[in-house]
Amino acid sequence: MFLGCTKELSSVLKAIELLKTSIVERSLDGIVFQEAMSFAESDELYLALIDKSSLEVKTEFLRSFPLDFKEDLLTVAKVKKFKNINLLKSLCKDRNPLSDITIYDLDNPNSNFLTLVAFNNKRSNRTAPASYLIELVLPYLHKAQISRYQNDKTSRSPIQSLTNREKEVLDWISSGKTNGEIGMILGISQYTVKNHVAKILEKLNAPNRSAAMALTKELGFS
């Protein structure tokens, strides 16, 4: 199957290494995306990270992908909750016989997100079609998108306004520790812990400890 497609597979291996780095560094951006997807056709390429609960697009990258078609595609996908992949494929092919779409992690109960990729499968007559090569990098694209989204979300969050000591106290609050227990762990008085907690709740605009814990969980703070 791989005879004659050494160049394409080499590009895929490079893309995987690049995406692995972007996962760790939370550095996926348009430039990294374009470099990672250099093996695919440069036109009509769309990548999106979708929240499974709200069905909202959290991050997206486009390369010469028509905005009107993107909106139409997402509208239909949301109505069907991204579960009718054949319908989405038909929409793509009605517009362009070589257009295709794939979805990753839709049925994974342990993931809050799915990744959608729409692309131009001009290489379909080659030994290694674009659809096959994209499937190889999809797990890494998915993780890189989540990593980038979580990093952006955290950087915009009120948690960034906390001091290092307040973050430390918040971490112990998230672990379910009482003020007295936190004071013993950090070697400070319970009164000092109480003051830290009050400032944390004020900065997070949280009415109580439970709300603060829910917020930290949502933002992936640890």
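Output the number of residues of the range 152-166 satisfying the condition of being at pLDDT below 90, within 15 Å of Glu202 (Cα to Cα) and surrounded by 14 or more Cβ atoms within 10 Å (Cβ to Cβ).
Matching residues across the range 152-166 total 4.
Quick check on the range 1-14. Is at least one of its residues over 18 Å from Pro129 (Cβ atoms) and not charged (D, E, K, R)?
no
Hey, among the residues in the range 97-123 that are surrounded by 15 or more Cβ atoms within 10 Å (Cβ to Cβ), over 16 Å from the mean Cα position of the chain (by Cα) and not in a strand (DSSP E or B), which one's modelled with the lowest pLDDT?
Per the stated criteria, the residue is Arg123.
Determine if the range 87-94 includes at least one residue that is over 29 Å from Ser10 (Cα atoms), part of a strand (DSSP E or B) and not polar (S, T, N, Q).
no
Find the residue count for the range 174-221, including only residues that are free of Cβ contacts under 8 Å to residues at least 60 places away in the same chain, part of a loop (DSSP other than H, G, I, E, B) and under 33 Å from the mean Cα position of the chain (by Cα).
Of the residues in the range 174-221, 7 are free of Cβ contacts under 8 Å to residues at least 60 places away in the same chain, part of a loop (DSSP other than H, G, I, E, B) and under 33 Å from the mean Cα position of the chain (by Cα).
Out of the residues in the range 156-166 meeting the condition of being of a type outside the set (Val, Ile, Thr) and without any contact (Cβ under 8 Å) to a residue 12 or more places away in the chain, tell me which one is farthest from Ala48 (Cα to Cα).
It comes out as Asn164.
May I ask you to verify whether Pro129 is out of contact with any Lys or Arg (no Cβ under 9 Å at 6 or more places or on another chain) and not charged (D, E, K, R)?
no
Can you confirm whether Lys20 is modelled with pLDDT of 95 or more and of a type in the set (D, E, K, R)?
Yes, satisfied.
For the range 125-141, does any single residue satisfy the condition of being farther than 26 Å from Ile23 by Cβ, outside the structural domain of Ala206 (by TED's automatic domain parsing) and in contact with a strand residue (DSSP E or B) (Cβ under 6 Å, 6 or more places away or on another chain)?
Among the residues of the range 125-141, not one is farther than 26 Å from Ile23 by Cβ, outside the structural domain of Ala206 (by TED's automatic domain parsing) and in contact with a strand residue (DSSP E or B) (Cβ under 6 Å, 6 or more places away or on another chain), which makes the answer no.
What are the pairs with Cβ atoms under 7 angstrom where one residue, in the range 135-155, is under 12 Å from Val12 (Cα atoms) and the other, located anywhere, is small (Gly, Ala, Ser)? Sequence gap at least six, or different chains.
Val137/Ala15; Val137/Ala36
Do any residues in the range 88-116 that are touching a residue at least 40 places away in the same chain (Cβ under 8 Å) have Cβ atoms under 8 Å from those of residues that are of a type in the set (Asp, Glu), where the two are at least six apart or on different chains, and which pairs are they?
Asn96/Glu44; Ser99/Glu44; Ser111/Asp105; Asn112/Asp51; Phe113/Asp51; Phe113/Asp105; Leu114/Asp105; Thr115/Asp105
The values are calculated or read from the model by the stated rules, or taken from the named source; none is laboratory data. Every value quoted in this text rests on a predicted model; they were computed, and no experiment measured them. So basically every Cβ, Gly included, is an ideal-geometry build from the backbone, and we count neighbours across all protein chains shown.
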